[in-house]
1. Grab the Cα-Cα distance for GLN88 and LEU60, subtract it from 0.36 nm times how many residues apart they are, and report the gain in nm with one decimal.
2. How big is the charge dipole of region 14-82 about its Cα centre, in debye rounded to the nearest 20, if each Lys and Arg gets +1 on its Cβ and each Asp and Glu gets -1 on its Cβ?
3. Roughly how many debye, to the nearest 20, is the charge dipole of the chain about its Cα centre, given +1 on each Lys and Arg Cβ, -1 on each Asp and Glu Cβ, and no other charges?
4. How high is the relative contact order of region 34-73, given as a whole-number percent (alpha carbon pairs under 8 Å, six or more residues apart)?
5. Rolling a 1.4 Å sphere over the protein heavy atoms, what is the accessible area per residue of the chain, to the nearest Å²?
6. So what J values fall out for region 68-85 if you push phi through Karplus, 6.51 cos²θ - 1.76 cosθ + 1.60 with θ = phi - 60°, rounded to Hz, Gly and Pro as x?
7. In whole Hz and in residue order, list the ³J(HN,Hα) couplings for region 56-64 that follow from phi through the Karplus curve 6.51 cos²θ - 1.76 cosθ + 1.60, θ = phi - 60°; x for Gly and Pro.
8. Residue by residue through region 153-165, which ³J(HN,Hα) values in whole Hz follow from phi under the Karplus form 6.51 cos²θ - 1.76 cosθ + 1.60 (θ = phi - 60°), with glycine and proline marked x?
Amino acid sequence: MEKQEIRTFGRRHGKKLSARKTTLMKTVLPYINPTGIAGHGDTILEIGFGNGEHVRDLALSNPNATIIGAEPFANGVAALLSAMTDSQNQILDEYKNIYIWPDDVRLYLENSNIKFSQIWVLHPDPWPKARHEKRRLLNADFLTLLGKYLSQSGQIIIGTDHWEYFDWILDQVKNTDLSATIPDMETIQTRYQQKNKAGTTNPKYLILHK
């Protein structure tokens, strides 16, 4: 049976891409597809990376790791490509450990046997209306799936500024084999964190592990 797409994602396309970003999508993106890569050192995955600010931070702070970013929104993928390349559309040395999956992350995982030392999910859409709750990404089934791809000491790191969603995720964890801790973390700056549509004082973070 064909798998249904995760309905948590909103638009896949936004405003028309610039000529340069269109070129990057056609010429650079295919060569940094993570399919089939073995990874080197630790392998770190970020799901729903927005414009890729944190993916780039991960690459800089983990130069010996393989960084994989998954994002179905084409404009976000193009923004990351633009930020990690020079005027000649060549990938900057400090970002050569980044690979991009521009689609539903499950389609990548089902063909991968990589074990991740970290899986990041920062500011997923909280879908705050009750009728949209089924669209929330971090339900028990999805968390269980991610747990299968963690290394023995691996972690799933989640951040949200929507506190009701945070509590909902904690409830979902109870229906998995994962354990949860609430760390004392500095705020991770991303485009979505800066928007803070929930109007809360600061994001909350959660670490899940086997």
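1. Going from the current span to full extension adds 8.0 nm.
2. Values: 6 positive and 5 negative charges, 104 e Å.
Rounded to the nearest 20 debye, it is 500 debye.
3. Rounded to the nearest 20 debye, it is 800 debye.
4. Numbers: 50 pairs, mean separation 20.8, N = 40.
Reported as a whole number, the value is 52 percent.
5. Numbers: 11170 Å² over 210 residues.
Per-residue accessible area for the chain comes out at 53 Å².
6. For region 68-85, the Karplus curve yields 10, x, 10, 7, x, 7, 4, 5, x, 4, 5, 5, 5, 4, 5, 6, 9, 10 Hz.
7. Karplus-based 3J(HN,Hα) across region 56-64 equals 5, 4, 4, 5, 6, 8, 9, x, 9 Hz.
8. Per residue, the Karplus-derived 3J(HN,Hα) values read 9, x, 9, 9, 10, 10, x, 8, 9, 9, 5, 5, 5 Hz.
The values are calculated or read from the model by the stated rules, or taken from the named source; none is laboratory data. Keep in mind the model is a prediction, meaning the values are calculated, not measured. Every residue, glycine as well, gets a Cβ built from its backbone with ideal geometry; the counts of neighbours run over all protein chains shown. Areas reflect the complete protein model, heavy atoms only, side chains present, ligands, DNA and RNA absent. Shrake-Rupley method; radii C 1.70, N 1.55, O 1.52, S 1.80 Å.
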